[in-house]
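The structure appears below as structure tokens.
Please treat every number below as a calculation from the coordinates, not as lab data. As the structure is a computational prediction, the values presented were derived from the model and not from experiment. Counting neighbours? That spans all protein chains shown, and the Cβs are built from the backbone with ideal geometry, glycine included.
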């Protein structure tokens, strides 16, 4: 790859590093950061989601035929950087010059460009003492070896790989070896066909022969993509094993049945009885009802009676097992843990056990696994176990042994609570069965890869992935599986070519999002993924403020019905770690250096409270064994992710194909919404402008759907949504569903309707993500004392309005079965991806989408090019990029087709002063964002001049703030350590807040907490700003410091923006361009949060690399110059 332009750019950066007055540690860390950015850049076009930098460098080195010696040197630079982060080294000049020489040689080799004369003079004469590259040691057996496959020799049947332990070397891995690994030939085919011989693989139980060839017994492809154990085990049925069943389950609609509900009830009984074996059935069953009242409400009275009667048998059997049978099998109940979770990077699986026993006797290696099944064994094997159940326990055995070691004495059992005798059945693991399950797990990864890559070819010809689910492919499948296969095939055949294209296109998009959420991409900003839990060192996570480490248990309430753990921060806890109330997290014990989620059982939950001293976490599962929490251990808390949102999207896309043809045509814009003429109606709010009234008339009259564009400050929630709800509530009998993407937006909806509809609405959601003011309207609060189905149904039917996030309602499909909503109004719809809505909207007689596609879009992890759509048929329905919302596509299509009765836009905003409004209006809204009309008295303030009195001995900064609505301050860059922080900007924020405080006091005003907001792109900079404010005696809780994503829908009198740009590479992460690249949607939202003052802080040189920021700087500086000329001071 000859690229002198890129090489010379980096050579200049190296020269800048050399002359900087900084420590050698900082210089080495900066060199590594530049090399990381370089490797990301040269591999960007490959569309390979590298989960580690090692695999990225290995691939690039192989492709560019870089010598093993140079590869080894590159990895030494990375090791030095890690030592810097861990504060475990104090490097000297020779160490730095060695790293500089390596960086220079690397760029010269990869770009085929001679180093600059300055660098050559520095490094050519420097004789470093770098260790020689040692050949791989001759070994006989390896338990595990992680490699990056870079090529294959199919004739000789071996893979060419780079081992992670010695990436500068090349090893050969033999496959199709009889008696060793021939059963993994389908995995090898996938490595070749789907991954093009470029994939990370774990080699398991490896023999290394005399020639140094590696012969593994098993292969695990993409081990950082954790597959749930239950997903693998359900692929094993009495007619055989097939990963296609995993694909089928992605699309199969979820619904509660009596057997499924019995299973949930049995699991609840197990938890209750393990906690207290003397509880009674009469006392316990009503609690089971309260766990999921909506699901119970979907059953008939006869079905609930059946569940009640059959569950008594489960309760009796479970009580006997816990009181008698566990002891007979040498299992002590008090040493059991309920629903512990484990991750295994070795095998690429994750899972949650029902019961895990761990003998508390010191130095004992005795454990046991118990999996509860409420049904009876179907087509049992020689052990009397269902094939899928047995596979599940085999994988749980791998999970536990990969966490605690192979030497465990760990029997495995399946507990059948619904049979009459012999409930606790041994399920001894077999290696051959485990390897068969690992092969199916690899097949699942191959399916995910094929789904993600669907649009790399001509979509019209790529139907093979759907053909896999044709009934003839699994002729032995009967019962529910056979039924689901038939239904799927019929649905696909009934769909039109365009509908299939649409379906496949979004399936592919969703698969890529899921992959990135799980594995991330090494080297990319904000691309960590769940795999960062084990791929990133503690020091890396700590530097990025992504771990709450070294906590101590302060109070253990994990056994309560609302189980919680309260942690105490210690001196070693990073006080700036960025976690918020409502974050979903994992936490685990930390026993020794290097421990992470792979070294012990993990607990999952949500942060319910966090302050400077303590952190409280609500556990997902109640615990009765407190021994682990009673040990004198440190605990680490890290961010978690959930697969459920992706499952919802797959099922929604399939549901879209099954809906009525009319609904499909409307959503694909093949047919217009029904045309209606708007009529003037009586409205209840006298403060509405004439424009708002006109738009409301249209929205109220609409039939199929209506689209409302509400630019910032135009009152789309407080006035438009609220008034439409008021009208429907008073003048119709319609049932209304109000939705938004975030809980904060749902809070705003509740606030907008609370005064006139307090007794008429119920909110779906958790109290931990709900403003306390609305806790009384939560569905869970309103139904907590209900124990009868008819009372629950009465509660649902007696309330005409339900409010929820889209995600919460999607997971509560039971509500849509119980209640027919006439109108759904969805706020902030421009933040919601199409797959989240297309399966849901057909449930409603009509829907109203409210949003602004020039503000924040949906959060999308994949690159814009990857989500782009180049298919002409899909382009014709307005689908050009799948990262855009359904709202934006429908709106653009309605405008193009002149369906004027179905959309409108608000133009008058009442939030911003005209000095602040002017820039977004001109640059983002074609001069259509206007002040409030003069007919409204409240519009006067928008044109008022600043009239502050100066504080005594006013500083230059205070003078500037009293004279200008908008200000820009240039900042220096932070070249070292964490590029997501900038101390210079954080200190400037502190000075600005202090100055405003002084100005307010001089004018007999109080600077209230809600008056000031600070917006910055990175959580690390949030933490940096909080630190600076605390050091200066300013309580950061007195102002909101957050990312722009958290600010949409909010506003402050004063907004301070800290861009924290330290590198040109970061521009990509802080910008969100519209398709026409005119609007930076993140910048638009940040600017339009300010009512009266806006202060922008950033590095001017880097900002001017983007034309929108350059225009903003020019705009502010021009306004400043004009004010300075007019000022008498």
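Going from the fewest other Cβ atoms within 10 Å to the most, the residues 343, 1109 appear in the order 1109, 343.
Computed over the Cα atoms, what is the radius of gyration of segment 792-900 divided by 2.2 N^0.38 Å, N being its residue count?
Details: Rg = 16.0 Å, N = 109, 2.2 N^0.38 = 13.1 Å.
Expressed relative to 2.2 N^0.38 Å, the Cα Rg reads 1.22.
Only Cα pairs under 8 Å and at least 6 apart count here; give the relative contact order of segment 539-627 as a rounded whole percent. Spell out each step's value before the answer.
Working: 160 pairs, mean separation 27.3, N = 89.
About 31 percent, as a whole number.
Counting only Cα atoms, the size of segment 636-784 along its three principal axes is 58, 40, 32 Å, in decreasing order.
Between residue 334 and residue 8, what's the calculated FRET efficiency when r is the beta-carbon distance and R0 is 56 Å? Round to 0.05. Provide the component values of the computation, followed by the final result.
Numbers: r = 69 Å, r/R0 = 1.22.
Result of the calculation: an efficiency of 0.25.
Eigenvalues of the alpha-carbon gyration tensor of segment 249-438, scaled by 5 and square-rooted, set the equivalent ellipsoid semi-axes at 29, 20, 15 angstrom, largest first. The length gained on full extension between residue 45 and residue 633, counted as 0.36 nm times the residue separation minus their Cα-Cα distance, comes to 207.1 nm. Footprinting exposure proxy ranking of 551, 628, fewest other C-beta atoms within 10 angstrom first, gives 628, 551. Taken along the Cα-to-beta-carbon direction at a fixed 7 Å, the label points for residue 677 and residue 822 span 2.3 nm.
Kindly give Rg over Rh for segment 704-906, based on alpha-carbon atoms, with the Kirkwood expression for the hydrodynamic radius. Spell out each step's value before the answer.
Working: Rg = 17.5 Å, Rh = 17.8 Å.
Rounded to two decimals, Rg over Rh is 0.98.
Stretching residue 258 away from residue 87 to a fully extended chain increases their span by 55.8 nm, per 0.36 nm per residue minus the current alpha-carbon distance. Dimensions of segment 505-566 from C-alpha coordinates, computed as largest minus smallest value along each principal axis and given longest first, are 48, 32, 14 Å.
Entry for segment 909-986 at q = 0.14, 0.22, 0.25 Å⁻¹: log10 I(q)/I(0) = -0.73, -1.00, -1.10, Debye formula applied to identical alpha-carbon scatterers, no solvent contribution. Which FRET efficiency value, to the nearest 0.05, do you get for residue 731 and residue 751 by plugging their Cβ-Cβ distance into 1/(1 + (r/R0)^6) with R0 = 25 Å? Efficiency computed from Cβ-Cβ geometry: 0.65. With q set to 0.11, 0.19, 0.24 Å⁻¹, the log10 of I(q)/I(0) for segment 333-398, from the Debye formula over equal scatterers at the Cα positions, is -0.32, -0.85, -1.10. Each 5 Å bin from zero up to the one holding the largest Cα-Cα distance in segment 933-1056 carries the following percent of pairs: 2, 10, 18, 21, 20, 14, 9, 4, 2, 1, 0, 0. Taking label positions 7 Å along the Cα-Cβ direction at both residue 934 and residue 172, the computed distance is 8.8 nm, reported to one decimal. Note that segment 219-315 carries a Kirkwood radius of 16.0 Å, evaluated over its alpha carbons pair by pair. Computed over segment 141-221, the percent of Cα pairs more than 15 Å apart is 49.
What FRET efficiency, computed as 1/(1 + (r/R0)^6) with R0 = 45 Å and r the Cβ-Cβ distance, is obtained for residue 534 and residue 277, rounded to the nearest 0.05? For R0 = 45 Å, the calculated efficiency reads 0.75.
For segment 157-199, what number results from the quotient of the Cα radius of gyration and 2.2 N^0.38 Å? Can you show the working numbers first?
Numbers: Rg = 11.2 Å, N = 43, 2.2 N^0.38 = 9.2 Å.
After normalising by residue count via 2.2 N^0.38 Å, the value is 1.22.
DSSP assigns beta bridges within the chain; of those with both partners inside it, close to 55 percent run antiparallel.
Computed from the alpha carbon positions, the gyration tensor of the chain leads to an equivalent ellipsoid with semi-axes of 46, 42, 30 Å, biggest first.
Based on C-alpha pairs under 8 angstrom that are at least 6 apart in sequence, the chain has a relative contact order of 8 percent.
Pairwise over distinct Cα atoms, reciprocal of the mean inverse distance: report the Kirkwood radius of segment 700-799 in Å, one decimal place.
Numbers: mean 1/r = 0.0669 Å⁻¹.
By the Kirkwood definition, the hydrodynamic radius is 15.0 Å.
Using the count of nearby Cβ atoms within 10 Å as a rough guide to exposure, how do 513, 328 rank from fewest to most? Present the calculation step by step, with values, prior to reporting the outcome.
Details: 513 25, 328 9.
The most exposed by this proxy come first: 328, 513.
Principal axis extents of the Cα atoms in segment 4-123, from largest to smallest and rounded to whole angstrom, are 38, 34, 22.
Determine, at each q value in 0.11, 0.15, 0.22 (inverse angstroms), the log₁₀ of I(q)/I(0) that the Debye formula gives when each Cα of segment 532-639 is one equal point scatterer. Per q value, in the given order, log10 I(q)/I(0) is -0.29, -0.55, -1.28.
The label-point distance for residue 896 and residue 196, in a model that sets each label 7 Å from Cα toward Cβ, rounds to 3.0 nm. Based on C-alpha pairs under 8 angstrom that are at least 6 apart in sequence, segment 249-438 has a relative contact order of 18 percent. Based on the convex hull around the alpha carbon atoms, segment 914-1126 presents an average projected area of 12.5 nm².
Taking 2.2 N^0.38 Å as the expected size of a compact globular protein, what ratio does the Cα radius of gyration of segment 829-875 give against it, to two decimals?
Values: Rg = 13.1 Å, N = 47, 2.2 N^0.38 = 9.5 Å.
That works out to 1.37 for segment 829-875.
For the pair residue 1030 and residue 1124, the difference between a 0.36 nm per residue extended length and the Cα-Cα distance amounts to 30.5 nm.
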